[in-house]
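The values are calculated or read from the model by the stated rules, or taken from the named source; none is laboratory data. Every value quoted in this text rests on a predicted model; they were computed, and no experiment measured them. Here the Cβ is made from the backbone with ideal geometry for all residues, glycine too, and neighbour counts use every protein chain on show. In case anyone asks, the SASA skips ligands and DNA or RNA and just uses the protein heavy atoms, side chains included. Shrake-Rupley method; radii C 1.70, N 1.55, O 1.52, S 1.80 Å.
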Amino acid sequence: MNYQFADRINNLKPSAIREILKNSDPNVISLAAGNPAVESFPVKEMQEIANRIFHEEAGVAFQYGITEGYPRLRELLRRRLSEKFGMGTDNDELIVVSGGQQAIDLATKVMCNEGDVVVSENPSFIGALNTFRSYAAVLKGVDVLDDGMDLDKLEETFRQNPNTKLLYIIPSFQNPLGTCTSLEKRRGIYELCVKYGVVILEDNPYGELRFEGEDIPTLKSMDTEGIVIYCGSMSKVMSAGIRVGFVLAPREIAAKMTVGKQASDVHTNQFFQMLIADFMEHYDFDGHIGKIRALYKHKSGLMLDAIREYFPKEVQYTVPQGGLFLWCTLPEGADMLEFVQFAKTKGVAVVPGVAFNVEEGTPSRCFRLNYSTPSDEKVVEGTRILGLALQEFLKK
């Protein structure tokens, strides 16, 4: 049979990170994943809650639920976003989705026609970029400086592309860079989107994971014009495998996303929505997040200490204040893809920077490192091996 695949999927490439994880070699230390640390999962508490649900509410947990999400969880999330982060107005609605990735998919589904422009930070999260490509959106990238997107280039991009429908941004601990958009830049980005009539898709899965510095207000907390779709996730603060995320969006947009979700998976896993609601209501949720922050501060510190000791001085790197990643840049003239292969022969896997480029096929001298997934010992050893490999490689 000669299969004729849809254009929207035919030229879509698989995620480089997923492929690395799928084909992982047990003898290779992987600094390439983006998974939360296993020790961050509140297993004991989740087991207690699960037992209670099994005994007292099984009929609800294993039945169909409403598409918008389990009511108690929606109420708790809405209250937390409002009281802790100043987000949400009477014009906003919160819906629960199957992980942050579904939020990105639904936003694109309801906002973009084929050929519409989506502007994104460059580089950016491969899962979002592939979603935009799958809907045949035209991607335009704006380079990210140390404090966020270049505002002049962003305005020029909007001006040159009047059919821009979405701006996709990860303002806190950006994936893959690990950097944070400043308050001044956030205000400037919001003002430009109001000026040009562009909806902002604010993806914030790492925002609660700050372990240095002061919190910066979200774009959604500035949203007086109803132009921000805010995507949050429980993957990094509870468990990635439960696939529970949430969206806070203007009511009209949320209603369309709900219809789109009904055509996709009807509703998010009811059991895990109930479990999270119980955890938020009856356990120390902020204390739990505090432990995760301390864990990642420790693990990032181990990686940074090893980088400072073993990396050649000409290799640049970001110093994250939160999240899961940092970004390394090789000197001019170095072949990054060749180095990634060389590092693997030495026993360490990293993600090549080209995987995150908005424009496919453009070169990159960068690679991404992750410190949350490996054990402390592997963080140190993997970074040491990588540093020695860099020294050897750059001498050639």
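Data for the structure
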| item | result |
| --- | --- |
| Fraction of beta bridges assigned by DSSP in region 110-215 that are antiparallel (%, nearest 5) | 10 percent |
| Calculated from backbone phi, Karplus (6.51, -1.76, 1.60) coupling profile of region 161-172 in Hz, x at Gly/Pro | 10, x, 9, 5, 9, 9, 10, 9, 8, 10, x, 10 |
| Mean shadow area of region 184-235, taken as a quarter of the surface of its Cα convex hull (nm²) | 3.9 nm² |
| Cα principal axis extents for region 216-268, largest first, Å | 33, 28, 9 |
| With eigenvalues of the C-alpha gyration tensor scaled by 5 and rooted, region 150-283, Å | 28, 20, 12 |
| Share antiparallel - DSSP beta bridges, the chain, percent rounded to 5 | 50 percent |
| Residues whose placed amide H lies under 5 Å from that of residue 138, excluding near-sequence neighbours | 115, 116, 117, 118 |
| Accessible area per residue in Å² at 1.4 Å probe, computed on region 158-317 | 39 Å² |
| Distance histogram for region 23-101 (every C-alpha pair counted, 10 angstrom bins, percent rounded to whole numbers) | 13, 27, 34, 19, 7, 0 |
| Surface accessible to a 1.4 Å probe, residue 256 within the full protein complex, Å² | 130 Å² |
| Summed side-chain charge close to residue 265 - residues other than residue 265 whose Cβ falls under 12 Å, Lys, Arg +1, Asp, Glu -1 | +1 |
| Candidates 296, 310, 64: whichever shows maximal mean-square fluctuation once the chain is modelled as a Gaussian network with Cα springs under 10 Å | 64 |
| Fraction of accessible area attributable to carbon and sulfur, the chain (%, probe 1.4 Å) | 50 percent |
| Rounded to whole Hz, the Karplus (6.51, -1.76, 1.60) HN-Hα couplings of region 42-51, x for glycine and proline | x, 4, 4, 5, 5, 5, 4, 5, 4, 4 |
| Solvent exposure, largest accessible area first (probe 1.4 Å, DNA, RNA and ligands not counted), of 335, 7 | 7, 335 |
| Shape call, region 148-201: gyration tensor on alpha carbons, a/c limit 1.5 | prolate |
| Cβ-based net charge around residue 87, under 15 Å, with every Lys or Arg adding one and every Asp or Glu removing one | -3 |
| Charge tally in the Cβ shell below 12 Å around residue 50, where Lys, Arg are +1 and Asp, Glu are -1, residue 50 excluded | -3 |
| FRET efficiency, residue 264 to residue 52 (Cβ-Cβ, R0 30 Å, nearest 0.05) | 0.50 |
| Alpha-carbon centroid distance for the pair region 64-98 / region 270-298, whole angstrom | 17 Å |
| Where 180, 328 fall by accessible area, highest first, once all protein chains stay in place (1.4 Å) | 180, 328 |
| Residue-averaged [θ]222 nm for the chain, counting only DSSP H segments that reach four residues, each worth -39500 (n - 2.57) | -13500 deg cm²/dmol |
| Extent along principal axes [Cα atoms of region 289-396; Å; largest to smallest] | 41, 31, 22 |
| FRET efficiency for residue 391 and residue 156, using Cβ-Cβ distance with R0 set to 35 Å, rounded to 0.05 | 0.30 |
| From the coordinates shown, mean projected area of the Cα convex hull in nm² corresponds to which of (1) 23.8; (2) 19.2; (3) 20.9 | (3) |
| Pairs of Cα atoms farther than 18 Å apart, region 71-207, % | 57 percent |
| Karplus (6.51, -1.76, 1.60) ³J(HN,Hα), θ = phi - 60°, over region 366-381, in Hz, Gly and Pro reported as x | 10, 8, 9, 10, 10, 10, 7, 7, x, 5, 4, 4, 6, 4, 5, 5 |
